[in-house]
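Note sheet for the following structure.
The values are calculated or read from the model by the stated rules, or taken from the named source; none is laboratory data. Just so you know, these numbers come straight off a predicted model, no measurement behind them. All Cβ positions, glycine included, derive from the backbone under ideal geometry; neighbour counts span all protein chains shown.
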Amino acid sequence: MKILYRDDDVLVCEKPYGVSSQKSDGENMLDIIRDELGVEAYVIHRLDITTSGLMVYALNKESASSLSAQIANHRFTKGYLAITHTEIGSDRETLTDYLFHDKRQNKVFVVDEHKKGAKKAILSFSLMGHGRLNGYPVSVLKVRLETGRTHQIRAQLSHFGTPLVGDKKYGARDNCKRIGLYSYMIGFMHPKTDEPMLFKQLPLDDELWKGLRFTYLE
């Protein structure tokens, strides 16, 4: 586990690919934190098991309550890097959809806003550049969520016509065994001092991203 910051109240760390962000029967971050640091952690937000990157965990109930309130009040910032199929022409886009989570399939669908159970989902992205991965043309995006829905990035980008590489559930047709999504930025107010906290990290050591032939846009 790579740690970016730790004090008595919060832990900012990198969740590896294939590890659950919450308690599970398999390898999970709560057990890793307890075994490596000897402390109990509280889950504030989640990453899919197929997504790696930065997370923050509360280390006491007071911090958990504060950070959860920040999420509810939209004071919690999360940014992602995404590798998508095709070369996207738009420099910037804001996507607004209504999503329905079919729990039996564990899949999210873009639906009409009047469908029972539909939830509004908003994300924005900016194009970082184009590249190739395993011979396929791809785009690299910075994605920012304004809402936090299950599989939101995966479902909305697929509906936009640019599924994440490796994401077979949402329409990817390639030979990549990993989903091209990484949580590179997280920001919040420290639960005790109210000091702004912002952390960024690029996936330079990740095998998927190291295999990307990528040119940044000027």
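The figures follow:
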read-out	value
Selection status of E146, out of contact with any Lys or Arg (no Cβ under 7 Å at 6 or more places or on another chain), surrounded by 13 or more Cβ atoms within 10 Å (Cβ to Cβ), under 23 Å from M55 (Cα atoms) and of a type in the set (D, E)	yes
Sole residue being within 22 Å of T86 (Cα to Cα) and either aromatic (F, W, Y) or surrounded by 22 or more Cβ atoms within 10 Å (Cβ to Cβ) (or both), chosen from P191, P163	P163
Cβ pairs under 7 Å, 6+ apart, first in segment 25-51 and over 12 Å from M1 (Cα atoms), second among the polar types (S, T, N, Q) and surrounded by fewer than 15 Cβ atoms within 10 Å (Cβ to Cβ)	V43/Q22; R46/Q22
Condition check for V138: closer than 16 Å to D48 by Cβ, touching a His at 6+ places or on another chain (Cβ under 8 Å) and of a type in the set (A, V, I, L, M)	no
Every residue from segment 82-92 that is surrounded by fewer than 17 Cβ atoms within 10 Å (Cβ to Cβ) and under 20 Å from the mean Cα position of the chain (by Cα)	R92
Meets criteria (out of contact with any Leu (no Cβ under 9 Å at 6 or more places or on another chain), among the polar types (S, T, N, Q) and modelled with pLDDT under 95) for T86	yes
Segment 176-200 - residue that is within 19 Å of G53 (Cα to Cα) and in contact with a helix residue (DSSP H, G or I) (Cβ under 6 Å, 6 or more places away or on another chain) and, of those, modelled with the highest pLDDT	F188
Check on Y98, in a strand (DSSP E or B), in contact with an Asp or Glu (Cβ under 6 Å, 6 or more places away or on another chain), surrounded by 14 or more Cβ atoms within 10 Å (Cβ to Cβ) and of a type in the set (F, W, Y)	yes
Residue match in segment 112-131 (condition: within 21 Å of K169 (Cα to Cα), surrounded by 15 or more Cβ atoms within 10 Å (Cβ to Cβ), in contact (Cβ under 8 Å) with a residue 40 or more places away in the chain and over 14 Å from the mean Cα position of the chain (by Cα))	no
